[in-house]
Amino acid sequence: MRTTRQMSITLPNEMADAVKLHVESGAYASESEVIRDGLRALFAREDAIESWLRTEVAAAYDEMQADPSSSVSSDVLRAQLTERHRAHLTSNR
């Protein structure tokens, strides 16, 4: 049974040139290897984001739901950040 499938893809010129350069540099044996490695990196990033959402974000959300008094509105947060930024700019003059 075949474990690969041939596909035809279209890339912007800059990306196609970058793929060719990676092969010409000797870092990869073929354009397919470059694309496969890029897809592996994409899948790893997606997995990392999904894991972060499940663990840290979900936990923070659950904490906020359990104790809403510990949260602040976006307007309050924006005002606090603006003030911190202003103070930082003033102290660096």
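Observations, loosely collected:
- Computed Kirkwood radius, in angstrom, where 1/r is averaged over Cα pairs of region 1-50: 12.3 Å
- Translational diffusion of region 26-93, µm² s⁻¹ [Kirkwood Rh, Cα pairs; Stokes-Einstein; 10 °C; 1.306 mPa s]: 97 µm²/s
- Remark: the chain carries 92 Å² of accessible area per residue (probe radius 1.4 Å; ligands, DNA and RNA excluded).
- Max mean-square fluctuation residue, GNM over the chain, Cα-Cα springs under 10 Å, options Arg45, Arg78, Arg36: Arg78
- Extension gain for the segment Asp47 to Thr90, taken as residue separation times 0.36 nm less the Cα-Cα distance, is 11.4 nm to one decimal.
- Per-residue ellipticity at 222 nm computed for the chain from its helices equals -21500 deg cm²/dmol, with DSSP H segments shorter than 4 residues left out and the rest contributing -39,500 (n - 2.57).
- Protein accessible area in region 1-67, 1.4 Å probe - carbon and sulfur %: 55 percent
The values are calculated or read from the model by the stated rules, or taken from the named source; none is laboratory data. Quick caveat, the model's predicted, so the values are computed rather than measured. Keep in mind that these areas ignore ligands, DNA and RNA; they rest on the heavy atoms of the full protein, side chains included. Shrake-Rupley method; radii C 1.70, N 1.55, O 1.52, S 1.80 Å.
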